Structure formats: C-alpha cells, structure tokens
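Let me begin by presenting the structure, written as structure tokens, before commenting on it.
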Amino acid sequence: MSFEFILVNPKYAEGIALIQLNRPKELNALNLQLMQDVKNALIQLDADNEVRAIIITGNERAFAAGADIKQMSGKGAIDMLKIDQFSTWDQIRKTKKPIIAAVSGFALGGGCELCMVCDMIIASETAKFGQPEINIGVMPGGGGTQRLTKAIGKARAMEMVLTGGFISAHKALDFGLINKVVPVELYLAEAVNLAKKIVDKSPLAVQLAKESVLQSFDMSLQEGLYFERKNFYMLFATKDQKEGMAAFIEKRKANFKGE
Ligand code: CO8
C-alpha cells in the first residue's frame with residue numbers, strides 16, 4: 001500500500017495493521033491529502049480479512065499538530081463547504097475494525113480530534129492534547145466540541161476549547177480521555193499489546209460490539225439497548241459463537257474464524 005503522506009504496514013504484527021502519519025517536518029499537520037490517505041487506507045484495511053485491529057500513530061514529537069493551517073488560511077466559507085473534508089472523517093468513523101491511536105507529542109486541534117475518532121488511545125508521557133483553534137480565530141470542526149465533551153464532561157471541555165490550553169497525558173488519563181500512559185519508548189509497543197488482546201477474539205463479535213458502543217453516543221438509552229440486543233442475537237448466527245461457547249465448556253482455547 002503506497003500513499004503520499006502516510007506509511008501503511010498491513011502486517012505490522014499478527015492481525016495488526018499500522019498507519020503512520022508521515023509529514024514529520026510539519027508535525028504531521030493534517031492536510032487534505034493526508035486525511036484522504038488515512039481514509040483510503042482504512043477502507044482497504046477494513047476489507048482485508050487478515051487485519052483484525054488497526055493502529056494509527058505519528059512520531060515521538062507529534063501525533064498531529066492539527067489541520068494544516070497554511071492550507072486553510074486563504075480559504076473562504078464556500079471553499080470549505082465545497083471541499084467537504086468532513087465526509088472523509090465520517091468515513092473514518094464507519095471503520096468496522098477497532099482502531100487504536102498511539103500518541104506521542106502533540107495531539108492538537110484536528111490531531112486531538114483524530115485520536116478521538118479512534119476507539120482507544122494509548123499515550124506516551126510526553127503527549128499533549130489540546131484544541132487550540134481558538135488561538136487562530138476559529139473553533140474545533142472535526143468533532144472537538146462533541147466527542148471531547150462526551151469524553152471528559154462540559155466544564156473540562158469548555159476550558160480546553162475556550163482557552164486553547166493543552167493537557168498532559170496524565171491529566172488526559174485522569175479525565176477519561178485516554179486508556180493508558182506509558183514511557184515514551186513504549187507507547188507503540190503498548191498499543192500493540194492492547195491490539196493483541198483483541199485480535200484473537202471473534203472479529204464479528206468485535207465488529208458488532210464496537211458498533212454498539214458507538215451507537216450509545218447517538219441514541220437514547222432505550223434505543224441503544226434495543227440496538228445492542230439485536231446485535232447480541234445476531235451473533236448467535238455465527239460459527240464463532242458456537243466455537244466460543246464449546247471451547248469454554250471443553251476447557252480449551254477458542255479458535256475464532258470470523259464466520
Ligand atoms: N499547520 C501547518 N503547519 C504546522 C502546524 C499546523 N497545524 N503545526 C505546526 N506546523 C509547522 C510549523 O509551521 C513549522 O513549520 P516551519 O518549520 O516551516 O516554520 C513546523 O511545523 C514546526 O512547528 P513549530 O516551529 O511551530 O514547532 P514548535 O515546537 O515551536 O511548536 C506547536 C509546536 C506548539 C505544536 C506549534 O507548531 C503550533 O502551535 N502549531 C499549531 C497548532 C494548532 O493551532 N492546531 C490547530 C489547527 S486548526 C485545526 O486543527 C482545525 C481542525 C478542523 C478539523 C480537522 C480537519 C483536518
């Protein structure tokens with residue numbers, strides 16, 4: 001898989017694909033082509049039966065320092081409307097396989113929002129999260145006012161969005177924004193460790209469980225419970241359900257095939 005602004009390894013580890021944002025001189029600023037690359041890679045990895053979990057990472061200095069300010073600065077509202085960059089983001093949200101963000105350094109603006117579209121976040125101790133758009137006369141546009149508020153609550157999100165201040169990895173962990181903080185040399189390995197705990201599960205169960213958790217953001221509790229129940233019933237149509245329960249009863253390790 002070859003792209004302009006990302007490096008993709010579909011076989012980074014058994015069942016685990018890696019997407020690395022690759023504009024290091026610009027702190028991985030998310031220009032339109034980079035986001036298009038991420039979207040296209042995710043579509044391909046989602047269709048690859050060998051891949052069961054995806055990690056998105058940057059480099060030690062920056063996960064991503066936000067949307068590319070130089071690319072955006074001269075645009076008008078209608079240019080932005082026509083570019084319709086958020087259809088790319090909507091497609092990322094539709095990825096069926098679990099996505100883990102492995103974050104070191106800056107995760108700012110669109111970079112913080114990209115982490116939050118992922119399903120889980122592992123951060124290095126050096127990671128900094130923020131929505132600094134307010135400092136350049138705009139506001140978050142990739143989900144920062146919505147996903148951040150749902151993740152950490154109104155008061156904390158309001159402070160981050162209105163002051164543009166950054167929070168450390170440890171604070172992000174306290175706030176419930178991320179899953180784990182580890183020393184900088186371990187953040188990618190720790191993301192792989194987390195992915196390894198998922199890749200030997202039934203991929204169909206993982207897919208429907210992910211979908212159900214995400215629906216909780218968009219539905220009332222009763223609608224969500226109904227949605228969950230349907231997915232739960234559906235898994236009884238899979239061979240993996242028979243295998244998983246038989247393996248439990250026979251006291252052996254299940255061998256899930258995604259059928
Ligand atoms: N866009 C374009 N270039 C950038 C960006 C960016 N967001 N961030 C850094 N760069 C470039 C710098 O211009 C610099 O380039 P050059 O060497 O050619 O001058 C290079 O990266 C290195 O950056 P610095 O010299 O500034 O490095 P410092 O260590 O001094 O500072 C900071 C690091 C604090 C991260 C600083 O670069 C900074 O404040 N960056 C901007 C952060 C920001 O405001 N992000 C929000 C952008 S707006 C946004 O994300 C809207 C989201 C909308 C939805 C998402 C759509 C994709």
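Worth a mention:
- Karplus-derived HN-Hα couplings along region 128-145 (A = 6.51, B = -1.76, C = 1.60, θ = phi - 60°), whole Hz, x at Gly and Pro: 10, 10, x, 10, x, 4, 4, 6, 10, x, 10, 8, x, x, x, x, x, 7
- Summing charges over neighbours of Gln146, with a neighbour being any other residue whose Cβ is under 12 Å away from its Cβ, gives +2 when K and R count +1 and D and E count -1.
- Relative to the longest principal axis of the Cα atoms of the chain, the long axis of helix 154-163 makes an angle of roughly 30 degrees.
- Working from label points 7 Å from Cα in the Cα-to-Cβ sense, the Phe236 to Asp90 distance is 3.5 nm.
- For region 196-208, Karplus couplings with θ = phi - 60° (6.51, -1.76, 1.60), whole Hz, Gly/Pro x: 4, 6, 9, 5, 8, 7, 5, x, 6, 5, 4, 4, 6
- Cross-link pairs exceeding 24 Å in C-alpha to C-alpha distance, out of Lys70/Lys150; Lys210/Lys230; Lys128/Lys197; Lys96/Lys150, comprise Lys70/Lys150; Lys128/Lys197.
- For region 63-117, carbon and sulfur atoms together expose 58% of the accessible surface, with a 1.4 angstrom probe and every protein chain in place.
- Fully extending the segment from Phe217 to Ala47, taken as 0.36 nm per residue of separation minus the present Cα-Cα distance, adds 58.7 nm.
- The Cα atoms of region 203-250 give a gyration tensor whose axes a ≥ b ≥ c have a/c of 1.5 or more with a/b greater than b/c, which makes the shape prolate.
- Spin-label pair Ile83/Gln33, simplified geometry with 7 Å Cα→Cβ offset, distance in nm: 1.4 nm
- Local electrostatic count at Glu223 - Lys and Arg +1, Asp and Glu -1, tallied over other residues with Cβ under 15 Å: -1
- The length gained by stretching the chain between Asn22 and Leu162 to full extension, at 0.36 nm per residue less their Cα-Cα distance, is 47.4 nm.
- Here the Debye sum runs over all C-alpha atoms of the chain as equal scatterers in vacuum, and log10 of I(q)/I(0) at q = 0.09, 0.10, 0.13 Å⁻¹ comes out as -0.42, -0.51, -0.86.
- Cα centroid of region 26-96 to Cα centroid of region 170-189, whole Å: 22 Å
- Under the combined filter of DSSP loop state and at most 16 neighbouring Cβ atoms within 10 Å, region 97-181 retains these GluC sites (Glu not before Pro): Glu125.
- Extension gain for Lys154 to Glu243 (0.36 nm times residue separation, less C-alpha to C-alpha distance): 27.7 nm.
- Gyration tensor verdict on region 58-164 (Cα atoms; rounded if a/c is under 1.5, prolate if a/b is larger than b/c, oblate otherwise): rounded
- Under-5 Å amide H pairs with Ala67, H placed in peptide plane, nonlocal only: Leu30, Gly110, Gly111
- Annotation note: chymotrypsin sites (Phe, Trp or Tyr not before Pro) in region 205-259 located in DSSP loop regions with a Cβ neighbour count of at most 13 within 10 Å are Phe217, Phe236.
- The trypsin sites (Lys or Arg not before Pro) found in region 29-90 that occupy coil by DSSP, while having at most 12 further C-beta atoms within 10 Å, are Lys75.
- Legend: calculated FRET efficiency, Lys197 to Asn135, from the Cβ-Cβ distance at R0 = 35 Å, rounded to 0.05, equals 0.35.
- All other residues whose Cβ lies under 13 angstrom from that of Leu186 are scored, Lys and Arg at +1 and Asp and Glu at -1, for a net of -3.
- Cα-centred dipole magnitude for the chain, charges only on beta-carbon of K, R (+1) and D, E (-1), debye, nearest 20: 460 debye
- Shape category assigned to region 143-259 from the gyration tensor of Cα positions, a/c cut at 1.5: oblate
The values are calculated or read from the model by the stated rules, or taken from the named source; none is laboratory data. What you are looking at is a predicted structure, and each value in this text was computed from that prediction instead of being measured. Note that each Cβ is placed from the backbone with ideal geometry, even for glycine, and that neighbours are counted across all protein chains shown. Calculation scope for accessible area: heavy atoms of the full protein, side chains included, ligands and nucleic acids excluded. Shrake-Rupley method; radii C 1.70, N 1.55, O 1.52, S 1.80 Å.
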